[in-house]
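What follows is a set of notes on a single structure, which appears directly below.
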Amino acid sequence: MDYNLLADLLFPNIDKSPDDYEKIYPERDLAEGAKVTRLGPSPTGFIHLGNLYGAFVDERLAHQSGGVFYLRIEDTDDKRFVDGAVKIIIDSLRFFGINFDEGAGLNGDTGAYGDYTQSRRGDIYAAFAKKLVREGKAYPCFLTEDEIAEIRSKQELAKQNPGIYGEFAAHRKLSLEDVEANIKAGKPYVLRLKSDGNPDSEKARRIKVEDAIRGTLEMPENFQDVVILKTTGIPTYHFAHVVDDHLMRTTHVVRGAEWLPSLPIHVELFEKLGLKLPIYCHTAQLMKLDENGNKRKLSKREDPELSLDYYRKLGYHPATVREYLLTILNSNFEEWRDEHQDADIDEFTFTTEKMSNSGALFDLNKLNDISKDVLLRIPAGEIVEFLKAWAQEFKPEIMYIFDDKEYLEKIIDLGRNDKKPRKDLIYAEQIVGFISYFFDDMFVIEDDIPTEVSDDDAKEILKKYMESYDHSDDQSQWFDKIRNIAVELGYAAKPKDYKKNPDDYKGHVGHVSTVIRIALMGRAQSPDVWCIQQIMGEEMTRRRITSYEI
Ligand code: GLU
């Protein structure tokens, strides 16, 4: 068979060769050690935590090394293209502080290695495919679905490996005339790789790949004649990956562990095309603990926290999510953070070696804990700005709370500068709920007065409280007054006295102050009452106490 003729028959209009593309997309002129990474999402409109997790690795590897991080749109599966998806990808990642240097963008591409959208790279794939055909390494296969199903059932019966390979790859041997006749007859065909691999696992060559996260991977070579161009001429993921990552000069391919099984295919494709393998970084799957304490993969259907929208809607600060991702990405991050509490997160040196290669456990409680620490490091003014941007998008009805920024900053800072700072703030929605009692429009009575306090006593407590109230009292003067009220009404001045002799008292000073707390804030639990009153001001304090109805 004259493969040149076959190549021209299959690709009559392709006149550029891979060598021509080598010249159009030369090696990048970057400093030694600079890494080139990419994110290759499908434009489905759903961008999830896994994407962010991978993007974070890409971004850190590139930007820590003075390299390039680019966006490539992998839309070869055209059923899944959603309008506006590119914007969703770019905006969502930008929100979390991840920015691309190059690639697909809202106003077209930036960078010299485009086109960065796979559906527009048809001629490039065809040029590489044509080369393989010319060299007898790929061939057209006209097997119909039914024929393939028949092959599969035979293989099943004979307990053989399923797939198109070796003796089952019937169309490897088609003559040029047969191919020509089939094409003339309009029969659809795919282009398959002519694999040299041995299906007999005993005799198969073992390939070794150095993975930057997992170390040396050893696996049997590929033996399947995998499809590289579909009947539509559109490349499969395998082929597009090899061609694109080569021509775009990707140095590090960061992708999910779900691609590990197809790695041998990629190795063979790189070999057959005479190209150098990039460095692979196969990241761990994101897992969570289910109700029974078992690890399972995060799933789109069951776990709303897989969607990035989840974090935006609830109003997690992007710095929190970044901090959390680093915690699960690099095992030495938490230790570093302990030693560098105020350092910018980008000062941490991220490495693939410290990444886990078994499942990365995602835990919302841990995220919340980290958020409390991260927010503590962010000045109140910035938190207010962040809350405002969040409210504008997700809770416009509370925009009035930003009219008095000074008031809001004081509220946010409540207890944050104490020796043992309060860590009450987690995410915007929770924060708004937490501070809502500072605003009359959101104020509601949530808790009941303690059972130790009768209604009459409660009335009396509030009455006496107002009689003795002096807004200029300092904290200890203020508390002395509450203690006096407690004692006057038969409550112990100290909780421990009450605990020791419960029959001697109606309750203790804590129960008395809880009544005040509920009248003021509607809640039995809150930060320090005196501090809250100082922020609320005398008018609001008096109004709340006097209007509380028992
Ligand atoms: N388009 C592929 C995906 O969405 C990208 C995998 C890769 O990064 O190579 O899974």
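The values are calculated or read from the model by the stated rules, or taken from the named source; none is laboratory data. Every value quoted in this text rests on a predicted model; they were computed, and no experiment measured them. Glycine also receives a Cβ, built like all others from the backbone with ideal geometry; neighbour counts cover every protein chain displayed. The accessibility values were calculated without ligands, DNA or RNA, using every heavy atom of the protein model including side chains. Shrake-Rupley method; radii C 1.70, N 1.55, O 1.52, S 1.80 Å.
Please state the charge dipole magnitude for segment 268-332, taken about the Cα centre, from unit charges on C-beta atoms (+1 on K and R, -1 on D and E), reported in debye and rounded to the nearest 20.
Magnitude of the dipole: close to 120 debye.
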How much accessible area per residue does segment 1-114 have, counting only protein heavy atoms and a probe of 1.4 Å, in square angstrom? 46 Å²
Suppose we flag GluC sites (Glu not before Pro) only when DSSP calls them loop and at most 12 other Cβ atoms lie within 10 Å. Which is the longest uninterrupted stretch of the chain? 354-548
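In square nanometres and to one decimal, what's the mean projected area of the convex hull around the Cα atoms of segment 470-548? Walk me through the intermediate numbers first.
Values: hull surface 20.9 nm².
The directionally averaged projection comes out at 5.2 nm².
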How large is the helix-only mean residue ellipticity at 222 nm for the chain, computed as the sum of -39500 (n - 2.57) over DSSP H runs with n ≥ 4, divided by its residue count, in deg cm²/dmol to the nearest 500? -13000 deg cm²/dmol
What length, rounded to one decimal in nm, is gained on full extension from Met466 through to Glu210, with 0.36 nm per residue of separation minus their alpha-carbon distance? 84.8 nm
Net charge within 12 Å of Asn13 by Cβ-Cβ distance, Lys/Arg positive one each and Asp/Glu negative one each, not counting Asn13 itself? -1
Using a 1.4 Å probe, what is the accessible area per residue for segment 276-408, in Å²? 51 Å²
Rounded to the nearest percent, how much of the accessible area of the chain (1.4 Å probe, protein heavy atoms only) is carbon and sulfur? 47 percent
Take segment 40-142, compute every pairwise Cα distance, and split them into 10 Å bins from 0; I just need the percent in each bin. 14, 39, 28, 15, 3
At a Förster distance of 30 Å, what's the computed FRET efficiency of Asp290 paired with Asp418, Cβ-Cβ distance as r, to 0.05? 0.20
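Starting from the eigenvalues of the Cα gyration tensor, five times each then square-rooted, give me the equivalent ellipsoid semi-axes of the chain, largest first, whole Å. Can you show the working numbers first?
On the way: eigenvalues 885, 109, 86 Å².
In descending order the semi-axes read 67, 23, 21 Å.
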Sort out for me the Cα centre separation of segment 178-223 from segment 354-370, rounded to whole Å. 36 Å
Hey, with R₀ at 35 Å, roughly what FRET efficiency would Ser175 and Ser153 work out to, going by the Cβ-Cβ distance, to 0.05? 0.80
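Please identify the trypsin sites (Lys or Arg not before Pro) of segment 328-382 that satisfy two criteria: DSSP loop assignment and at most 16 other Cβ atoms within 10 Å. Which are they?
Details: sites: Arg337, Lys354, Lys366, Lys372, Arg377; in loops: Lys354.
The qualifying sites are Lys354.
Loop-only trypsin sites (Lys or Arg not before Pro) in segment 151-248, please: DSSP not H, G, I, E or B, and at most 11 other Cβ atoms within 10 Å.
Working: sites: Arg152, Lys154, Lys159, Arg172, Lys173, Lys184, Arg192, Lys194, Lys203, Arg205, Arg206, Lys208, Arg214, Lys230; in loops: Lys159, Lys194, Lys203, Arg205, Arg214, Lys230.
Listed in order of number, the matching sites are Lys159, Lys203.
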If you fit an axis through the alpha-carbon atoms of helix 145-157 and take the longest principal axis of the Cα set of the chain, what angle between them do you get, 0 to 90°, nearest 10? 80 degrees
On a 0 to 90 degree scale, rounded to 10, what angle separates helix 49-64 from the longest Cα axis of the chain? 80 degrees
Rounded to the nearest 10 Å², the 1.4 Å probe accessible area of Thr144 is 70 Å²
